[in-house]
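First the structure, in the form of structure tokens, and then the observations on it.
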Amino acid sequence: MRLIRTSNHKTKVTVDALAERGGIALDSVSPAVDRILRAVRRKGDSAVRRYACEFDGLAKRQPLLIDPRETAAAWGRLDPTLKEALEIAAANIRSFAQLQLPQSWQASQRDGLNTGQLVRPIESVGCYVPGGRHPLPSTMLMTVIPAQVAGVRRMVVTSPRPAQATLATAHLLGVTEFYRIGGAHAVAALAYGTESISRVAKIVGPGSLYVTAAKRALAFDCAIDMLAGPTEIVVISDLGDATGIAADLVAQAEHDPEALAIFVTTSEALARAVIKEVKERSHDNPIAKQALKSNGYAIVAESPEQAHDITNRLAPEHLTIDSADDLKWVQNAGSIFIGKYSPQPMGDYISGPNHTLPTGGQAAVRGGLSVMDFVKLITVQEYSAAGLASLGPQAVCLAEAEGLTAHAQAIRSRITAAEEKRP
């Protein structure tokens with residue numbers, strides 16, 4: 001982890017590069033991903049099975065679809081303590097999603113005009129649950145539960161080499177359409193459909209470089225949530241405890257060798273203490289050690305205002321601040337953690353807010369996965385004859401200003417019809 005001072009003019013180049021880091025580099029895997037997508041589109045199940053055997057460890061005669069009896073058995077074998085943890089996490093995530101769910105409404109903005117919105121769920125969703133270096137049953141909770149709260153009728157889960165905890169979580173949530181496949185071929189099956197896997201309307205969930213490249217390539221064939229890159233953490237503090245700060249930095253860094261871990265402060269003494277703690281805590285964690293060596297920074301700002309500006313420019317996936325008073329200056333962040341008793345990994349598992357969050361600076365323009373990703377807001381408008389007579393001429397004026405004469409005539413004809421029916 002490197003210490004850099006904003007008083008050094010060379011530091012501006014580093015901070016600018018971090019703030020403009022953009023998305024992940026997908027071009028390196030795009031040719032291979034494109035070949036997989038084309039094969040699945042042409043050959044369906046046979047291509048999916050071939051890639052699943054090659055990459056996912058699927059046995060030749062093993063079915064793609066997981067029998068619900070297998071997930072029930074996994075739940076039955078699960079340690080009671082882990083069962084309880086999953087149940088508590090599920091309850092918190094469900095409660096949070098229910099609070100997020102938008103409502104249908106109707107209102108009369110002015111005499112003769114009623115407007116409103118309808119909230120309707122997406123018909124079908126594919127939830128991708130990683131199963132590689134770290135199987136993530138927590139991601140099944142984070143993707144399936146908001147979809148259930150939204151009222152999605154069909155939820156499909158794919159996960160390569162699903163761990164026992166992942167299988168058990170499927171049983172807990174009542175997931176019955178669960179395929180033991182991953183990678184670009186799973187994304188292609190969800191987007192295009194095959195003989196045994198019906199296509200879905202939207203794909204959500206994080207994954208490998210291949211998964212993300214496949215989602216990007218298929219974004220015009222099937223809706224997606226976001227392009228998730230390596231994990232990011234920013235902690236900003238002048239008063240915090242170096243041990244706790246370092247613990248969070250190492251925790252998020254262990255996700256991926258490309259993870260970004262940044263500490264922002266005005267105190268050089270605290271920055272140096274954090275760097276020392278990070279070094280000690282990551283000593284036996286090779287992934288975190290590599291990430292912190294490549295993408296770990298302690299930035300010493302000249303003022304609190306400069307520290308705030310740097311943090312907002314970074315638009316981090318995860319952000320830790322000292323107190324609730326700091327919320328007033330935060331503009332860009334995927335998820336915020338307040339104070340020394342709010343370790344970021346709590347948000348990965350059990351708090352309730354979603355852990356599928358924007359990376360690569362996307363937090364400047366969107367939040368994390370939420371129940372909103374699983375619903376559509378359909379607007380409604382209804383005029384009375386009097387309302388049309390009142391607002392119609394203004395709409396005609398706007399239509400004619402745009403040169404859309406048929407638009408203007410459509411409005412005039414309705415006004416005339418309304419006038420003819422008056423007693």
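The values are calculated or read from the model by the stated rules, or taken from the named source; none is laboratory data. Everything numeric here is computed off the predicted structure, so don't read it as measured data. With ideal geometry, Cβ positions are generated from the backbone for all residues, glycine too; neighbour counts draw on all protein chains shown. Remember, those area values only see protein heavy atoms, side chains included, never the ligands or the DNA or RNA. Shrake-Rupley method; radii C 1.70, N 1.55, O 1.52, S 1.80 Å.
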*List the equivalent ellipsoid semi-axes of the stretch 1-149 in whole Å, largest first, each obtained as the square root of 5λ for an eigenvalue λ of the Cα gyration tensor.*
35, 33, 24
_Share of carbon and sulfur in the accessible heavy-atom surface of the stretch 1-157 [1.4 Å probe, %]_ = 52
*Convert 4 °C to kelvin, take the viscosity as 1.567 mPa s, use the Kirkwood radius over C-alpha pairs of the stretch 273-423 as Rh, and evaluate the Stokes-Einstein diffusion coefficient in µm²/s, rounded to a whole number.*
62
*What fraction of the DSSP beta bridges in the chain is antiparallel, stated in percent and rounded to the nearest 5?*
30
*To the nearest Å, what is the center-to-center distance of the stretch 99-136 and the stretch 62-80, using C-alpha atoms only?*
31
*What lysines could a cross-link reach from residue 276, if we take a straight Cα to Cα line under 20 Å and drop same-chain neighbours fewer than 8 places away?*
289, 293, 340
*Cβ-defined net charge surrounding residue 192, 9 Å radius [Lys, Arg +1; Asp, Glu -1]*: +1
*Would you mind counting up the charge near residue 70? Only other residues with Cβ under 14 Å from its Cβ, with Lys and Arg at +1 and Asp and Glu at -1.*
+2
*At 10 °C and 1.306 mPa s, grab the translational diffusion coefficient of the stretch 1-83 from Stokes-Einstein with a Kirkwood Rh over Cα pairs, rounded to a whole number in µm² per second.*
87
*What accessible area per residue, rounded to a whole number of Å², is obtained for the chain using a probe radius of 1.4 Å?*
49
*lysines near residue 376 by alpha-carbon distance under 19 Å, same-chain residues fewer than 8 away left out - which ones?*
202
*Estimated Rh, the stretch 154-202: Kirkwood, alpha-carbon pairs, angstrom*: 11.2
*Would you kindly derive the ³J(HN,Hα) couplings of the stretch 324-339 from the backbone phi angles with the Karplus curve 6.51 cos²θ - 1.76 cosθ + 1.60 (θ = phi - 60°), listing them in order in whole Hz, with x for Gly and Pro?*
4, 4, 6, 4, 5, 9, 6, 10, 10, 5, x, 8, 10, 10, 10, x
*How big is the equivalent ellipsoid of the stretch 53-138 along its three axes, where each semi-axis is √(5λ) from the Cα gyration tensor, reported in whole Å from largest to smallest?*
42, 20, 12
*Which peptide among 157-166, 347-356 comes first, and what is the full order, when sorted by highest mean count of other Cβ atoms within 10 Å?*
157-166, 347-356
_Whole-Hz couplings from phi, Karplus 6.51/-1.76/1.60, listed for the stretch 296-312; x for Gly and Pro_ = x, 9, 10, 9, 9, 8, 7, 7, x, 4, 5, 4, 5, 4, 4, 4, 5
*Surrounding net charge for residue 242, when Lys and Arg each add one and Asp and Glu each subtract one, Cβ distance under 10 Å*: 0
*asked:* Can you give me the angle between helix 137-150 and the longest principal axis of the chain, using Cα atoms only, in degrees from 0 to 90, rounded to the nearest 10?
replied: 20
_Separation between Cα centres of the stretch 1-59 and the stretch 248-291, rounded to whole Å_ = 23
*Phi-based couplings in Hz for the stretch 43-55 (Karplus 6.51, -1.76, 1.60; Gly and Pro marked x)*: 10, x, 4, 5, 5, 4, 5, 4, 5, 5, 5, 6, 9
*So, by mean Cβ neighbours within 10 angstrom, what's the order for 25-38, 396-409, 211-224, 270-283 with the highest one leading?*
211-224, 270-283, 25-38, 396-409
*Separation of alpha-carbon centers, the stretch 311-374 and the stretch 146-162, rounded to whole Å*: 24
*Return the distance in nm (one decimal) between the two label points of a simple spin-label model at residue 176 and residue 395, each offset 7 Å from Cα along Cα→Cβ.*
4.5
_Rg ratio (alpha-carbon, reference 2.2 N^0.38 Å) - the chain_ = 1.17
*Multiply the residue gap between residue 107 and residue 338 by 0.36 nm, knock off their C-alpha separation, and tell me the result in nm, one decimal place.*
79.4 nm
*Beta carbons within 10 angstrom, averaged per residue: use that to sort the peptides 129-137, 9-17, 142-150, highest first.*
142-150, 129-137, 9-17
